[in-house]
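A quick write-up on the structure given underneath.
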Amino acid sequence: MIKKVTFIFLVIIAISCENRSKVEKEIEQVEVDFEVLRFDREFAEVTEEGLPALKAEYPFLFPERFHDSIWIAQINDTIQHEINEEVITTFRDFAEEDELHSLFQHIKYYFPSFEAPTVITITSEVDYQNKVLLTPKYLFIALDTYLGSDHEFYSGIQEFLKKNFERNQILPDVAAKVAERYVPQPDSKTFLAHMLYYGKILYLKDLWLPEVSDPAKIGYTSEEYGWAGENEEYIWKYFVEREMLFDSDTQLYSRFLYPAPFSKFYLELDNEAPALLGQYIGWQMVRQYMDRNDASVREMLETDAETIFNKAKYKPRK
């Protein structure tokens, strides 16, 4: 019996891999057209005399309420010079252009109306709360927030934040910003609804970033992701036994859904538990819902939290 079950399992895996391979070949044929503009480099090289021309090329980056003296001061600022040098050294070539092309192909495959934005690389004086900004026409990437977690610019910033100031987080951060366009905001304040909101975003990353590791998708180290997987059963049991799923206490968001040094179980294990464990469980639930139901991606995104909860029949890994 065990051999028969194993054989069936292997057949299912083989069929699944064949289907994924077919989809990836179709995605490779999707046409997307976009441009990468290195504003960070242009600003680093601009002179006071050349400022009017740069403003004319990028008027949306120079709000009229700010006098030219502000920009001239920034051009001559020694700290800005240091930022420029570090960014140009690290990102001499913006190799991420090919990766963004693949990401945009995947998005357009699942959402044909998607139009790839113009990508503009900038510096932001290490504004880590706005590493990536997306407008209908433009995608801004602040390269000075991706210089490596141990960079001297980030001294004084908490470890849980700067661990994701790595170059390999650009793609997951961009994917998350685009996913926010397609995932409806929760129509309920329950913890479950918000868990599944983030779970849907992470599931879109599964589809759009097949070459990116699961830890990178959620912003975990490999150790943090391993901890979440090993303790998935106990995390779920904690949520269920304390009747958290349908609780509308917004403090649960900061405890289990938002970036933080750790998740707050108020137990001795807190210092071991990575943040975002509510997102992690929501992600696994959406995965199981899609595995067990004949639903399209669009249908899943529009499905309410309680329905997904009931139809996923979620069972944590033991």
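For the reader, a short list of remarks on this structure follows.
- Restricting attention to region 297-318, the residues that are touching a residue at least 40 places away in the same chain (Cβ under 8 Å), of a type outside the set (Asp, Glu) and either at positive phi or in a loop (DSSP other than H, G, I, E, B) (or both) total 4.
- When residues in region 226-250 are screened for being of a type outside the set (Gly, Ala, Ser), within 25 Å of the chain's Cα centre (by Cα), surrounded by 14 or more Cβ atoms within 10 Å (Cβ to Cβ) and part of a helix (DSSP H, G or I), 5 of them pass.
- On the stretch given as region 226-249, residues that are touching a residue at least 40 places away in the same chain (Cβ under 8 Å) and closer than 21 Å to LEU202 by Cβ total 11.
- The residue that is surrounded by the most Cβ atoms within 10 Å (Cβ to Cβ), counting only those in region 152-196 that are touching a Pro at 6+ places or on another chain (Cβ under 6 Å) and within 19 Å of PRO274 (Cα to Cα), is HIS194.
- Any hit, region 275-284, residues being in a helix (DSSP H, G or I), crowded, with 18+ Cβ neighbours inside 10 Å, in the same structural domain as GLY199 (by TED's automatic domain parsing) and of a type in the set (S, T, N, Q): yes
- Residues of region 212-224 that turn out to be free of Cβ contacts under 8 Å to residues at least 24 places away in the same chain and either surrounded by 19 or more Cβ atoms within 10 Å (Cβ to Cβ) or assigned to a loop (DSSP other than H, G, I, E, B) (or both), as a count: 1
- Number of the exception - ASP294 against (1) in the same structural domain as GLY226 (by TED's automatic domain parsing); (2) assigned to a loop (DSSP other than H, G, I, E, B); (3) surrounded by fewer than 13 Cβ atoms within 10 Å (Cβ to Cβ); (4) in contact with a helix residue (DSSP H, G or I) (Cβ under 9 Å, 6 or more places away or on another chain): (4)
- Of the strands (runs of 3 or more DSSP E) that lie entirely inside region 89-144, those containing 1 or more residues that are among the hydroxyl-bearing types (Ser, Thr, Tyr) and crowded, with 19+ Cβ neighbours inside 10 Å span 118-122.
- When region 252-287 is filtered for residues that are in contact (Cβ under 8 Å) with a residue 12 or more places away in the chain and small (Gly, Ala, Ser), the ones remaining, listed by number, are ALA260, SER263, ALA273, ALA275, GLY278, GLY282.
- Taking (1) part of a helix (DSSP H, G or I); (2) surrounded by 15 or more Cβ atoms within 10 Å (Cβ to Cβ) in turn, SER149 satisfies each apart from (1).
- All conditions in (1) of a type in the set (Asp, Glu); (2) touching a helix residue (DSSP H, G or I) at 6+ places or on another chain (Cβ under 9 Å); (3) assigned by TED's automatic domain parsing to the domain that holds LEU143 hold for GLU232, with the sole exception of (3).
- So GLN29, is it of a type outside the set (A, V, I, L, M, F, W, C) and not assigned by TED's automatic domain parsing to the domain that holds SER124: yes
The values are calculated or read from the model by the stated rules, or taken from the named source; none is laboratory data. Keep in mind it's a predicted model, so treat the numbers as computed, not measured. Don't worry about glycine lacking a Cβ; one is built from the backbone with ideal geometry, like all the others, and counts go over all protein chains shown.
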